[in-house]
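First up is the structure itself, then whatever we jot down about it.
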Amino acid sequence: MQSGSAKQPLYDLFMQAPAAIAVVRGPKHVFDFTNSLYLRLVGKTKAIHGKAVRDAFPELKGQGFYELLDTVYETGEPFIGNELPIDLDLNGSGTLTRTYVNFVYQPMKDAEGAIGGIMAHAVDVTAAVEGRLQIREDEERYRTLFNSINQGFCIIELIFDDHNVAQDYKFIEVNHVFEQQTGLKDVVGKTARTVIPNLEDRWVEIYGQVVKTGKPLSFTENSDAMGRWYEVDATRLGNPKSNCVAILFTDITKRKTIEDTLRQSEALNRTVIESLEEGVSLLDADGAIVSANKSAQRLLGLSLEQMQGRDSSDPRWKSVHKDGSFMPGSEHAPQQVLRTKKPYNNQTMGIHKPDGSMVWLNINAQPIIEDGELTGVVTSFFDITERKNMQEELERQLQITDTITKTASSCLFMIDNNGLVTYMNPAATRVTGYSLQESLGKPMHLLIHHSHPDGTPYPQSECPLVNTYTVGAPNPLHEDILYRKDGTSFPALISGTPIPGDVGIQSTVVEFRDIEEITNTLQRNNELEESTLLLKEQRAQLVALNNAKDDFIAIASHQLRTPATAVKQYLGLVLGGFTEPLTEVQHKYITTANDSNERQLNVITDLLKTAKIDSSRYVIRKERTPLASIIEAAITDMQLELDSRDQTVRYTTPKTPILVMVDRVEIKLVLINLLENASKYSYPQSEITVAVSKRNGQVHIDITDNGVGVSHDNVEKIFDKFTRINNVLSDTVTGSGLGLYWVRKIVRLHDGDVKVISKLGAGSTFRVSLPL
Amino acid sequence: MSKTSVLIIEDEILLQDVYKLVLSSQGYTIYTANNGQEGIHLLNLYMPKVVLLDIFMPVMDGKEFLRNVDTALYPDTNFIVYSNLTDDGVAQEMMNLGADRVILKSTMTPQDLIGLIEEYVN
């Protein structure tokens, strides 16, 4: 290198050169010179001047550049690098940036040929390299895709004539599946009409259209020339001027064939199904009818439109079981299939047609399973109305016959052409003593008809009963002697009737009745009739009597009271001051007469009350009532009478109300009655207690007095009718002797009871118990 | 000048008399009928304030009387069934037929009767 002024022009040249240039000197490659492009390329400043390369570019360690420089310095051979990558720390951040460079390491020799330094001369080619790398990468990706799809793929270039009409196309590129999908080999570079000689024009037209319009097309098309069906997606490649089309296609020949076959077999099936006498319907996975054949429409009396969409839950089916009871939709055969995914056969169902008539169907239902999924149900059914009617009629006949023969009072034997017993009814068993078991298969004649009335043997061959089949005419009713199992004989009315079968007379029914039994029965019937009549008469009399009794109560209540009422009114006139004033004695006598009349009225009332509850017409009217209100009302009603004896009642209302189901009028009268007794049989100024308690689902009302009490012996008697117990207060107490009888009766009508605890001379407690 | 009128329909003459006597003493005008049929005639003739109606009577009984009389057409007349028949069923039946009240006459003294009529007159 020159120094001094001579260097200046060179320096300027370097600085302005369109390449990056640096000069390093000595074995350590110390930077002596760099131009601005260089500094920009490596991302450094002039601060690297004077520094060895290893210090100036620590990031290059391991990238081989130090070693390259060393080699060039030692050998004096230049090094030319082409598109070499170099990772540089461009901004001192420690992040390396890849840069591609073309460069030359040129050794610089002095006059003696010794190497003093190296000139590095580099061009940044990063953009070009990376661009190319990107393209390669894209292409690889495209290739991979191109080769990995298992659909056929090709790129074609359309060939147009002078009139811009597509005439042919050339294969530009094909993927590896192409051959398998087309059967064509080595087509790239060749035209379609060359490789497929009879190619239909429409293929060329379609692709020509894609090129012209730029609109992608998807279509399914066949080619007779290739003998295949294809599903094709065609898209114009690149810009509008491009004549290239990318074609993605699949050979669907096989699928198409299967579909066609299926369609044909479906058509066949449909024809078969339509011509069936059986009704056939197809239901979807929800059980709704999708389709049905003509027979189904005829059998159900519905058009296809009316049927479609209907499912089993539709109430219009009005389906019934064999026995005529309603059959819910959930039991219909197809519903069973939908639930179980298994066939359900031989269901008998009655359906009301829209015209109101009934059709009986035998139904089979099969699931349609596709890929393990139930996709529908096929039901087939045929009309068994006639069959069912016939069967029912037969069953009915059999049942009637069975009932008749079993319950008949006539004895019945059935014998075959050999005279062997094939049947006997219970009446025959009863009369002859032979059980069905011991008679079956035995000659009837030998069992019951073995001798003549005079005791001489009677051979079966002579018996007209056994031989009706030879005659073919009934053996008319006549009298004969028959024998029982125990050897005894009886006169019988007997007849034989041959039963015609398919081939002449097959068997004979022998019917007979024990004449004595008939006579006895007739007699017994007459007697029975007579006694029934008598009973009826007696019953009518009793009813009339009972009604008369009840009427009597009503009338008596009126008629007994009326005279006493008149007495009361007239005495009332005198005592009420409607007449001249009375003398003291007159007043006393009239008062006594009035009291006595009052007592009579009370007795009448008690009598009537008692008679009433004994009557058949008596009813209690229960309602839910607070017990306290009844007790309080009873005490209030008794107040005057209690006051007259200067007596008090102690009663505490329960804290929580107690509701009872009672006839409140009657129960109030019960309590009044008991309070009245307590008052009457107690001394003046005494106290009566009313206490309420609940126990064992019952409520107890205890009415306690400190009065005369009842002796143990008499405790139960006081509840009898017309009982009056002698006691110290008897003389002053009036009564009918019916009060407690009535009280207990009323309480018992409420499913309760009245009990008494009493001690003579100490007082009584009457306990009324009522259910809660 | 009478206060107001009462019609007694009662077949028992003894009772007719005593009621007539008692109520007349209070200034009421009294009409008496021996059965329902006479009662209907007098009812329409005099339009009494109160009718005392027995149940058991010959010719036409109290029930039949109420069946023949639409009591709603006599808004100013009070129909009191005054009888010795004590049957809840009958009492209810009479109320259903339009009676205003049912009373057991054997429990009533002359004073009680006066009080009862006053109740309806005022």
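The values are calculated or read from the model by the stated rules, or taken from the named source; none is laboratory data. Given the structure is predicted, the values throughout are model-derived calculations rather than measurements. Glycine gets a Cβ as well: all are built from the backbone with ideal geometry, and neighbour counts include every protein chain shown. SASA here: full protein model, heavy atoms, side chains in, ligands and nucleic acids out. Shrake-Rupley method; radii C 1.70, N 1.55, O 1.52, S 1.80 Å.
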message: For chain B, what does the accessible surface come to per residue with a 1.4 Å probe? Please give it in Å².
response: 44 Å²
- prompt: Ratio of region A:275-351's C-alpha Rg to 2.2 N^0.38 Å, to two decimals?
  reply: 1.05
task: Would you mind checking the pairs A:Lys609/B:Lys20; A:Lys549/B:Lys105; A:Lys612/A:Lys655; A:Lys612/A:Lys668; A:Lys588/A:Lys745; A:Lys655/A:Lys759 and listing those with alpha carbons more than 27 angstrom apart?
output: A:Lys609/B:Lys20; A:Lys612/A:Lys655; A:Lys588/A:Lys745; A:Lys655/A:Lys759
message: Suppose accessible area is computed on protein heavy atoms with a 1.4 Å probe; arrange A:Phe178, A:Phe219 from highest to lowest.
response: A:Phe219, A:Phe178
- request: On the full set of protein chains, 1.4 Å probe, figure out the accessible area of A:Asp260 and give it in Å² to the nearest 10.
  value: 60 Å²
With every protein chain in place, chain B: carbon and sulfur % of accessible area (1.4 Å): 49 percent
- prompt: What number comes out for the charge environment of A:Thr519, summing +1 per Lys or Arg and -1 per Asp or Glu over other residues with Cβ under 15 Å away?
  reply: -3
- prompt: Got a number for the accessible area of A:Glu305? Probe 1.4 Å, square angstrom, nearest 10.
  reply: 130 Å²
- prompt: For region A:391-520, how big is the tail of P(r) above 25 Å, as a whole percent of Cα pairs?
  reply: 21 percent
task: Return a whole-number percent for the relative contact order of chain A, with Cα pairs under 8 Å and 6 or more residues apart as the contact set.
output: 4 percent
message: What number comes out for accessible area per residue over chain A if the probe is 1.4 Å? Units Å², please.
response: 57 Å²
task: Kindly write out, for region A:183-193 in residue order, the coupling ³J(HN,Hα) from the Karplus curve 6.51 cos²θ - 1.76 cosθ + 1.60 (θ = phi - 60°), rounded to whole Hz, with x marking Gly and Pro.
output: x, 9, 10, 6, 9, 4, x, 9, 8, 4, 5
task: Measure off, as a whole percent, the carbon and sulfur share of the 1.4 Å-probe accessible area of region A:252-294, all protein chains present.
output: 59 percent
task: Work out which residues of region A:554-592 lose at minimum 50 square angstrom of accessible surface when the other protein chains are put back, relative to the chain isolated, with a 1.4 angstrom probe, and list them by number.
output: A:His558, A:Arg561, A:Thr562, A:Thr565, A:Lys568, A:Gln569, A:Tyr570, A:Leu573, A:Phe578
field: Sum of -39500 (n - 2.57) over DSSP H runs of 4+, divided by residues of chain B (222 nm, nearest 500)
entry: -12500 deg cm²/dmol
statement: Rounded to two decimals, the Debye log10 I(q)/I(0) of region A:620-771 (Cα scatterers, no solvent) at q = 0.14, 0.15, 0.16, 0.21 Å⁻¹ is -0.64, -0.74, -0.85, -1.47
query: How much accessible area is lost when chains B and A come together, counting both sides, with a 1.4 Å probe, in Å² rounded to the nearest 100?
result: 1900 Å²
- request: Just need log10 I(q)/I(0) for region A:342-463 at q = 0.09, 0.10, 0.15 Å⁻¹, Debye formula, equal scatterers on the alpha-carbon atoms, no solvent, rounded to two decimals.
  value: -0.55, -0.60, -0.82
message: Please check region B:102-122 for residues whose accessible area, probe 1.4 Å, is lower by 40 Å² or more when all protein chains are in place than in their chain alone.
response: B:Ser106, B:Pro110, B:Gln111
message: Explain nothing, just compute: Karplus ³J(HN,Hα) = 6.51 cos²θ - 1.76 cosθ + 1.60, θ = phi - 60°, for every residue of region B:109-122 in order, whole Hz, x for Gly and Pro.
response: 8, x, 4, 4, 5, 4, x, 4, 5, 4, 3, 8, 6, 8
- request: Heads up, I need the accessible area for A:Ser769: 1.4 angstrom probe, whole protein in place, Å², nearest 10.
  value: 10 Å²
query: What number, in percent, do you get for the relative contact order of region A:242-391 if the mean sequence gap of Cα pairs under 8 Å and at least 6 apart is divided by its residue count?
result: 21 percent
task: Show the residues, 5+ positions off or on another chain, whose built amide H is closer than 5 Å to the amide H of A:Ile172.
output: A:Ile155, A:Ile156, A:Glu157, A:Gly189
- request: Report, by chain and number, residues whose modeled amide H sits under 5 Å from the one on A:His450, excluding near sequence neighbours (fewer than 5 apart, same chain).
  value: A:Tyr483
statement: For chain B, the Cα convex hull volume per residue in Å³ comes to 93 Å³
query: Given a 1.4 Å probe and every protein chain left where it sits, what share in percent of the accessible area of region A:579-671 is carbon and sulfur?
result: 55 percent
statement: The size of the Cβ-based charge dipole (Lys, Arg +1; Asp, Glu -1) of region A:276-390 about the Cα centre, to the nearest 20 debye, is 380 debye
query: Plugging the Kirkwood radius over Cα pairs into Stokes-Einstein for region A:44-188, at a temperature of 37 °C and a viscosity of 0.692 mPa s, what D comes out in µm²/s?
result: 160 µm²/s
statement: Diffing region B:51-68: the Karplus 3J(HN,Hα) column from phi (6.51, -1.76, 1.60, θ = phi - 60°), in whole Hz with x for Gly and Pro, holds 10, 9, 10, 6, 9, 6, 8, x, 6, 9, 7, x, 4, 5, 4, 5, 5, 8
- prompt: What does the convex hull of the Cα atoms come to per residue for region A:503-653, in Å³?
  reply: 318 Å³
statement: Among A:Lys318/A:Lys353; A:Lys622/B:Lys63; A:Lys44/A:Lys109; A:Lys406/A:Lys485, the pairs whose Cα-Cα distance exceeds 18 Å are A:Lys622/B:Lys63; A:Lys44/A:Lys109; A:Lys406/A:Lys485
statement: Per the 1/(1 + (r/R0)^6) rule, R0 = 41 Å and r from the Cβ atoms of A:Phe326 and A:Lys622, FRET efficiency to 0.05 is 0.55
- line: In Å, the Kirkwood hydrodynamic radius from C-alpha pairs for region A:149-256 sits at 13.8 Å
Reciprocal mean inverse distance between Cα atoms of the protein assembly as shown - Kirkwood radius, Å: 45.9 Å
message: Quick check: from the Cα gyration tensor, does region A:70-109 come out rounded (a/c under 1.5), prolate or oblate?
response: prolate
message: Tell me the relative contact order for region A:620-771 as a rounded percent, counting alpha carbon contacts under 8 Å between residues six or more apart.
response: 24 percent
message: Run lengths n ≥ 4 of DSSP H only: what is the helix-derived mean residue ellipticity at 222 nm for chain A, with -39500 (n - 2.57) per run over all residues, to the nearest 500?
response: -12500 deg cm²/dmol
query: Taking every residue in B:17-24, how many Cβ atoms of other protein chains lie within 10 Å of its Cβ, on average?
result: 3
- request: Please list, in chain and number order, the residues 5+ apart from A:Lys442 or on another chain whose amide H is under 5 Å from its amide H, with Hs placed from the backbone.
  value: A:Val421
